[in-house]
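The values are calculated or read from the model by the stated rules, or taken from the named source; none is laboratory data. Keep in mind that what you see is a predicted model, and the values were worked out from it rather than measured. All Cβ positions, glycine included, derive from the backbone under ideal geometry; neighbour counts span all protein chains shown. The area values use the complete protein model at the heavy-atom level, side chains included, leaving out ligands, DNA and RNA. Shrake-Rupley method; radii C 1.70, N 1.55, O 1.52, S 1.80 Å.
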Amino acid sequence: MIRIGIDVGGTNTDAVVMDGTQVIAGVKAATTADVMTGVVNALRDVLAASAMEAGKVDVVMIGTTHFTNAVVQRRDLAQTAAVRLGLPATASLPPMVDWPEDLKRAIGGHTYLAHGGNEFDGRVISPLDEAELLGIAADIAAKGINTVAISSVFSPVSSDFEKQAGEVFARALPGAHITLSHEIGRIGLLERENAAIMNACLRDLSAHVIEAFRRAIAATGIRGKFFLTQNDGTLMDAAFAEKFPVLTFASGPTNSMRGAAFLSGVKDAIVVDIGGTTSDVGSLQKGFPRQATVAVEVGGVRTNFRMPDVFSIGLGGGSHVVETEGGIKVGPTSVGYRIITEALIFGGATLTTSDVVVAAGRYELGDRSRVGHITPDFIARTQARVMAMLEDCVERSRLSPEPLPVIVVGGGSILVDGPIGGLEVIKPNHFAVANAVGAAIAQVSGEIDRVYALAEISRDAALADARERATDAAVAAGARRDSIEIVDVEDVPLAYLPGNATRVRVKAVGELHVA
């Protein structure tokens with residue numbers, strides 16, 4: 001299978017061509033303000049570098065930060081109605097109760113409470129009231145809103161109410177975008193509801209962006225299938241991504257970590273991905289990023305859908321280097337994709353970390369004569385500051401004193417010189433485009449998160465049922481059934497619930513099936 005992986009970052013758009021497990025060529029193109037031009041440039045460059053005909057490409061996988069940036073920057077978000085099924089319970093904490101005010105205003109702050117919902121074991125809190133829902137739909141229509149997020153208490157246990165409500169709104173609001181929370185988030189109501197609302201407000205944007213990606217791919221003559229990468233390191237097809245844009249959040253760092261594992265052959269390690277603007281740090285377990293076990297904030301909103309346990313610092317190849325009274329200050333400001341015009345080595349006037357690396361003679365880039373004035377003392381102090389920042393990150397990612405290796409990838413990894421915190425540093429071949437490699441090798445996943453009452457079913461039977469459901473979910477998402485393996489099982493007793501309840505989360509992963 002001939003695959004192209006693309007990762008759209010803040011500084012560069014990276015692309016690789018892979019034939020099976022072999023990387024044929026990898027390139028970097030500057031990310032453009034409109035993004036699509038950068039994608040087309042990267043595709044054309046990588047096809048030329050690999051001498052590959054566009055017609056021979058089977059699949060294209062893209063990782064993008066488009067939707068995360070839209071939420072963080074409060075732009076291009078649709079007016080959204082948030083409908084919760086749970087009355088008479090949950091009324092004390094209405095939808096979006098913990099949202100930043102500016103984000104709530106950006107999507108209108110339209111919230112509704114209705115009857116419905118379940119207990120943890122599937123018992124009904126109150127029956128669904130269709131007349132009540134039709135009244136809400138009439139109000140939504142009167143406000144001209146075309147996007148609805150529906151959440152129900154314990155819907156991952158029993159999704160019937162959300163599905164029934166979705167059908168009512170689909171009939172009453174023809175053409176509306178409807179998001180059901182059980183399809184995105186996990187058990188916790190507020191965080192799952194937040195994820196559903198966030199997904200809903202991105203639906204208009206996702207239709208526009210994914211159509212633009214389709215046009216960019218078609219413009220280069222590629223006729224193969226097109227997928228986007230999710231934040232758990234796996235794939236979703238374009239139609240699924242259009243429906244669930246929120247699942248692309250944090251897919252960039254995830255792609256880098258998966259690419260680092262593939263290129264190095266190391267499955268358990270700490271990965272440091274240094275780009276032009278930021279460094280992302282996280283842990284690999286069995287070749288996949290360790291998943292966050294607590295609620296993750298996106299744009300100031302708590303969510304509980306799957307996210308990698310990755311954190312970022314403002315350190316990259318384009319980071320500003322400034323002499324202050326307290327010593328050398330590196331980042332967090334960066335020239336980003338303007339490095340090719342603003343860094344000293346490219347004729348600009350801003351001193352960046354890349355300029356210091358070139359001045360030290362450790363890398364050939366741009367015009368070294370432009371940084372000849374930088375003193376060895378300044379170089380040494382800058383390098384010490386960079387390594388201290390990286391050492392702090394690595395220590396934060398360690399869960400045990402075991403000396404795991406550190407895999408360093410990304411274009412900015414030229415900043416790393418020697419071990420980090422006494423740990424071995426691995427810099428694999430094609431390290432600069434590891435994120436695009438991670439996109440190209442992405443597999444397909446299915447995940448289930450349910451509460452079982454062990455008074456009614458044995459623990460082994462509950463785990464077996466969850467494994468089967470996760471496998472079916474992976475197959476439905478496009479995985480080959482014969483390639484599926486279970487990569488994560490979490491079994492947590494819930495002492496505060498009756499019936500010897502336990503929460504089971506299972507993740508299954510398989511190879512992409514391309515017909």
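For segment 476-499, indicate whether the set of residues that are surrounded by 16 or more Cβ atoms within 10 Å (Cβ to Cβ) and part of a helix (DSSP H, G or I) is non-empty. No. Among the residues of segment 68-105, the one identified as more than 30 Å from residue 120 (Cβ to Cβ) and in contact with a Phe, Trp or Tyr (Cβ under 7 Å, 6 or more places away or on another chain) is 68. Considering only residues that are under 28 Å from the mean Cα position of the chain (by Cα) and polar (S, T, N, Q), look in segment 163-191 and name the one that is nearest to residue 122 (Cα to Cα). By that ranking, first place goes to 181.
Yes or no: segment 94-114 includes at least one residue that is part of a helix (DSSP H, G or I) and either in contact with a Cys (Cβ under 7 Å, 6 or more places away or on another chain) or among the hydroxyl-bearing types (Ser, Thr, Tyr) (or both).
Filtering segment 94-114 for residues part of a helix (DSSP H, G or I) gives 101-106.
Add one more test, that the residue is either in contact with a Cys (Cβ under 7 Å, 6 or more places away or on another chain) or among the hydroxyl-bearing types (Ser, Thr, Tyr) (or both), and what stays is none.
No.
Scanning segment 63-86 for residues that are at pLDDT 90 or above and either within 23 Å of the chain's Cα centre (by Cα) or among the hydrophobic types (A, V, I, L, M, F, W, C) (or both) yields 77, 78, 80, 81, 82, 83, 85. Just one residue in the set 175, 259 is of a type in the set (Gly, Ala, Ser), part of a loop (DSSP other than H, G, I, E, B) and either open to solvent by 10 Å² or more (accessible area, probe 1.4 Å) or farther than 30 Å from residue 112 by Cα (or both); that residue is 175. Considering each residue of segment 209-224 in turn, none proves to be assigned to a loop (DSSP other than H, G, I, E, B), touching a residue at least 12 places away in the same chain (Cβ under 8 Å) and under 16 Å from the mean Cα position of the chain (by Cα).
Selection over segment 24-43 of residues that are touching a residue at least 60 places away in the same chain (Cβ under 8 Å), more than 18 Å from residue 219 (Cα to Cα) and either touching a Leu at 6+ places or on another chain (Cβ under 8 Å) or of a type outside the set (Val, Ile, Thr) (or both) gives a count of 3. Note on segment 140-169: residues that are of a type in the set (A, V, I, L, M, F, W, C), open to solvent by less than 30 Å² (accessible area, probe 1.4 Å) and closer than 15 Å to residue 450 by Cβ total 2. Considering segment 435-453, the residues that are more than 16 Å from residue 501 (Cα to Cα) and of a type in the set (Gly, Ala, Ser) include one that is surrounded by the fewest Cβ atoms within 10 Å (Cβ to Cβ), namely 446.
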